Amino acid sequence: MLENLEDIILFASVAHKNQMMMDPEVPYLTHLISVASNVLEAYHNGEEKFNLDYALKLAILHDTIEDTEVTYDILEQRYGKDIAMGVLALSKNDNLPYNMQLEDSIERIKKAPREVAIVKLSDRIYNLMIKPEKWSKEKWDNYLKESEYMLNEIGIANKYLEDKLQERISRNRTNTSR
């Protein structure tokens, strides 16, 4: 189990080497490890077990197609079709208008193995940790609405993460309404 995880972490850290998270400004690898940490929490705290090996690999690689020069073909050649397909399902289709990208992504996630949805929920939980300072209230409110849509569509993939995401959305709604 967890075969190649060290290689995957190194691969992702090189792919994202020049990227930083917005708020706080930390290396992007911090985000990837945090998403993987949420996956681990769900595995150990939830009653429903899932393929942890697959989910952790997806968590570390989930933004490579969307945010780096890494392609589907590179991932497939290096880590296999299952990993490449999972990462592709987690990637927005930039050829679509922005207002259709989330719905398209959610539909692809729903057709993928449950671990893909688990990674998406874990990613959103991390992203709702801190409102980026540069975001307007309107942009943040829209992000919270998108999070609610995501929760309604794929939250069923894991009860622990569903509850954690609901709590994070509620807390942010309370904090931004003041």
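Nothing in this text is a laboratory measurement; each read-out follows from the coordinates by a stated rule. Nothing here was measured: the structure is a model prediction, and the numbers come from that model. No Cβ is skipped: glycine too gets one built from the backbone with ideal geometry, and neighbour counts run over all protein chains shown.
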What Kirkwood Rh does segment 83-178 have if only Cα atoms enter the pairwise 1/r average? Answer in Å.
13.8
Compute the helix-to-body angle for 159-176: its Cα long axis versus the longest principal axis of the chain, expressed 0 to 90° and rounded to tens.
40
Using only C-alpha positions, report the orientation-averaged shadow area of the convex hull of segment 1-85, nm², one decimal.
5.9
Can you list which of the chymotrypsin sites (Phe, Trp or Tyr not before Pro) found in segment 18-104 are DSSP loop residues with at most 10 other C-beta atoms within 10 Å?
none
Stretched fully, the stretch from Asp141 through Leu96 gains (0.36 nm per residue minus C-alpha distance, one decimal, in nm) 14.0 nm
What FRET efficiency would be calculated for the residue pair Leu40, Asp7, taking the C-beta separation as r and a Förster radius of 25 Å, to the nearest 0.05?
0.85
Starting from 0.36 nm per residue, how many nanometres of slack lie between Tyr149 and Asp104 once their C-alpha separation is accounted for?
15.0 nm
Over all alpha-carbon pairs of segment 5-176, lay out the pair-distance distribution in 5 Å bins, whole %, shortest bin first.
1, 9, 18, 21, 23, 17, 9, 2, 0, 0
Under 22 Å from Lys57, Cα to Cα: lysines that are on another chain or at least 8 residues apart
Lys17, Lys49, Lys81, Lys92, Lys110, Lys111, Lys120, Lys159, Lys164
Looking at segment 1-70, which trypsin sites (Lys or Arg not before Pro) are DSSP coil and have at most 16 other C-beta atoms within 10 Å of their C-beta?
Lys17, Lys49
Determine, for each peptide in 124-136, 107-119, the mean count of other beta carbons within 10 angstrom over its residues, then list the peptides with the highest first.
107-119, 124-136
Fewest to most neighbouring Cβ within 10 Å: what's the order for Ile74, Ile169?
Ile74, Ile169
If you stretched the chain out fully between Glu69 and Ile156, how much longer would it get, using 0.36 nm times the residue separation minus the C-alpha to C-alpha distance?
28.1 nm
With a cut-off of at most 16 other beta carbons within 10 Å, and DSSP calling the residue loop, which GluC sites (Glu not before Pro) in segment 1-54 qualify? Please list them.
Glu3, Glu25, Glu47, Glu48
